[in-house]
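Sharing a structure with you now.
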Amino acid sequence: NKGKYEHYMQKEIHEQPESLTTTMRGRLIRGGSCKAKSVLLGGLKDHLKTIRRSRRIVFIGCGTSYNAALAARPILEELSGIPVTMEIASDLVDRQGPIYREDTTVFVSQSGETADTLQALEYALENGALCVGITNTVGSAIARHTHCGVHINAGCEIGVASTKAYTSQIVVMAMLALAIGDDTISSQARREAIIDGLFDLPSKVKEVLKLDQEMKDLAKLLIAEQSLLVFGRGYNYATALEGALKVKEVALMHSEGILAGEMKHGPLALVDETLPIVVIATRDACFSKQQSVIQQLHARKGRLIVMCTEGDAASVSVGGSCRVVEVPQVEDCLQPVINIVPLQLLAYHLTVLRGYNVDQPRNLAKSVTTQ
Ligand code: UD1
Ligand code: F6R
C-alpha cells in the first residue's frame, strides 16, 4: 500500500523518520540519576564479550548493505579499538580470503537471502569465525544461519532501490559500536553524545526531507546529463558511493562515488565545465580538507553542487558560484544518515523526470538469490 505516495521508493524515503524510530525502539536507554545512557541489543548481549575479544571485525555485504557497513566502520573502529575490514561478499568468496576463528564476521543484508552473502556466510562458518547477522527479514536464511544478530526492524522494503533499510542499517551498526564500547570509561562522554544524537535523529531526518522540492528542482537541471560524480570522505565516503549507486540503478545515469582523497590520483582528469559534481562537505574533522577539494575543483571550472551544514553556504561556495544544499547537523558519525536523504530524493526525482520505472529498475531484482 503506497498510501498518499506515487511510488514505493518515494514512500520509503519519506517514512524514514518512522522506520528509524522502530529500529531504535526498546534499544536505547535514556539513563538517569544513577544509570548511564546505554544501548541494549537483545540479540547480541550474550555475545559481546566474545566480540570484544576478537582480533578483527569483518563486515561482509553487497551493494547498499556494503555501503551501510562502510558508513559505520569509522565509529566501530573508534569505539571498539578493534581493526575493522570490509569485504564485498562475492570478492571474499572469489579470493577465498583468510577468515580465522578469532574473527567476528558481520553479515549485512536487507533481504537476508542474497546468494553471495549467504555463500560468504557458509565460508566464514566453515572457518570457525563468530558470525553475526544484521538483517531486516525475520526468519531469513542469514538470520537463521548466523550465530546471533540484530534485526533492523525497518519494516518491509518494496522498492528495489534500498533506502530506509540503508539508514536503519547504519543506525544498528552505530548501536553495535556503542554496545561493544560500553565497558570503556574513556569514551563514555562520546557514547552519550551519540546516544543523544540517535534520540534526535528521526526529527532531523524529518527536517532534511523538506529538501524534497529543492532536490526536484536540481533533478530538472540534471535531467539530460550523461554522468554525475559524487565526492566524499571520512564518514561520508559511503554517502558518495551510496548516492552514486542510487542514481545509477534507478535513474539509469552513469554515476560514480569518489573518495575525495583520491581526487588527484586520477578522477581530477575528468573535471571540466560540463560534468556535474556533488561534493559532500558537511562539518566534521575532514571539513577543511573538503574546502580545499572544492577550491581545486573550482579552479578547474568544475560544475559543483555542494552539500554542507546549515549556515555554511558562504564557507563552501567559492566566489558564490556553486549550487549549495544545506542539511541539518548531527553527531559526526550519524551524519551519513542525514546526508544520504537528499541524494535519495535526487535519484528518485531524476528517475521520474527521465520517465523510468522507479520501483523496478530494468534488469534488477529486489533480492539477488542467484550468482
Ligand atoms: C526480540 C524480539 C522482539 C521483542 C524483543 C523483546 C524477535 C524476532 N524479536 O527482539 O519481537 O520485542 O525481543 O525483548 O522475536 N538473530 C540472528 N541473526 C540475525 C538477526 C537476529 O541470529 O541476523 C537472532 C538474535 O541473536 C536474537 C534473535 O535473532 O537471538 C532476535 O533478534 P532481534 O529481533 O534483533 O532481538 P531483540 O531486539 O531482542
Ligand atoms: C541497491 C540495492 C542492492 C542491494 C544488494 C544487497 O539499492 O538494493 O545493491 O543492496 O543487492 O541486498 P541485501 O541487502 O538484500 O543483501
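The values are calculated or read from the model by the stated rules, or taken from the named source; none is laboratory data. On a predicted model such as this, the values are computed, not experimentally measured, just so you know. Neighbour counts are summed over all protein chains in view; Cβ atoms, including those assigned to glycine, are modelled from backbone coordinates with ideal geometry. Please note that ligands, DNA and RNA were not included when accessible areas were found on the heavy atoms of the full protein model with its side chains. Shrake-Rupley method; radii C 1.70, N 1.55, O 1.52, S 1.80 Å.
Determine the order of Tyr100, Tyr8 by accessible area, beginning with the largest, at a probe radius of 1.4 Å. Please list the in-between numbers first.
Values: Tyr100 115, Tyr8 50 Å².
The ranking, largest first, comes out as Tyr100, Tyr8.
Can you pull the percent of the range 1-117's accessible area that's carbon plus sulfur, 1.4 Å probe, other chains left in place?
On the way: 2530 of 5400 Å².
Here carbon and sulfur together make up 47 percent of the probe-accessible area.
Can you give the local net charge around Leu40? Use residues other than it whose beta-carbon is closer than 13 angstrom to its beta-carbon, Lys and Arg +1, Asp and Glu -1.
My count for the surroundings of Leu40 gives +4.
Heads up, I need the accessible area for Ile340: 1.4 angstrom probe, whole protein in place, Å², nearest 10.
0 Å²
Now, a different point. Please report, as a whole percent, how much of the solvent-accessible surface of the range 270-371 comes from carbon and sulfur atoms (probe radius 1.4 Å).
Carbon and sulfur: 47 percent of the exposed surface of the range 270-371.
Would you mind getting the accessible area per residue of the range 1-97, heavy atoms of the protein chains only, 1.4 Å probe, in Å²?
Working: 4720 Å² over 97 residues.
For the range 1-97, the per-residue accessible area is 49 Å².
Would you check the accessible area of Tyr356, probe 1.4 Å, heavy atoms only, in square angstrom rounded to 10?
Looks like 90 Å² after rounding.
Let me ask you something else. Largest first, what is the accessible-area ranking of Asp116, Asp46 with a 1.4 Å probe? Before the final figure, lay out the partial values.
Numbers: Asp116 35, Asp46 125 Å².
Correct descending sequence by accessible area is Asp46, Asp116.
If R0 is 25 Å, what FRET efficiency do you get for Glu126 and Arg95 from their C-beta distance, rounded to 0.05? It would help to have the intermediate numbers written out before the result.
Details: r = 15 Å, r/R0 = 0.60.
With a Förster radius of 25 Å, E is 0.95.
Between beta-carbons, use under 14 Å as the cut-off and find the net charge around Lys210, counting Lys and Arg +1, Asp and Glu -1. The partial results should precede the final answer.
Details: positive: Lys204, Lys206, Lys216; negative: Glu207, Asp212, Glu214, Asp217, Glu310, Glu326.
Charge balance in the 14 Å sphere: -3.
Quick check of the Kirkwood formula: for the range 299-371, what is the inverse mean of 1/r over all pairs of different Cα atoms, in Å? Display every interim value, and only then the final one.
Working: mean 1/r = 0.0660 Å⁻¹.
Hydrodynamic radius (Kirkwood, Cα pairs) of the range 299-371 is 15.1 Å.
Suppose every K and R has +1 on its Cβ and every D and E has -1 on its Cβ; what is the size of the dipole of the range 321-371 about the Cα centre, in Debye to the nearest 20?
Working: 4 positive and 4 negative charges, 78 e Å.
Here the size comes out at about 380 debye.
In square angstrom, rounded to the nearest 10, how much accessible surface does Tyr123 have for a 1.4 Å probe?
Solvent-accessible area, nearest 10 Å²: 30 Å².
Something else: Please list Leu201, Leu275 from largest to smallest accessible area, probe radius 1.4 Å, with all protein chains kept in place.
So, going from the largest accessible area down, we get Leu275, Leu201.
Write down the radius of gyration of the chain and its Dmax, each obtained from C-alpha positions, in Å.
19.9, 59
What FRET efficiency would be calculated for the residue pair Ala224, Ala189, taking the C-beta separation as r and a Förster radius of 45 Å, to the nearest 0.05? List each step's numbers first, then the result.
Working: r = 50 Å, r/R0 = 1.11.
Approximately 0.35, to the nearest 0.05.
Add -39500 (n - 2.57) for each DSSP H run of 4 or more in the chain, then divide by its residues: what number comes out at 222 nm, to the nearest 500 deg cm²/dmol?
On the way: 14 runs with 165 residues, N = 371.
My calculation for the chain gives -13500 deg cm²/dmol from helical runs alone.
Please report the base-10 log of the normalised intensity I(q)/I(0) for the range 153-209, using a Debye sum with one equal scatterer per alpha carbon and no solvent, at each q in 0.13 (1/Å).
Per q value, in the given order, log10 I(q)/I(0) is -0.43.
Around His151, with a cut-off of 15 angstrom between Cβ atoms, what is the net charge of the other residues, counting Lys and Arg +1 and Asp and Glu -1? Before the final figure, lay out the partial values.
On the way: positive: Arg25, Arg27, Lys45, Arg144, Lys164; negative: Glu113, Glu157.
Counting the neighbours of His151, the net charge comes to +3.
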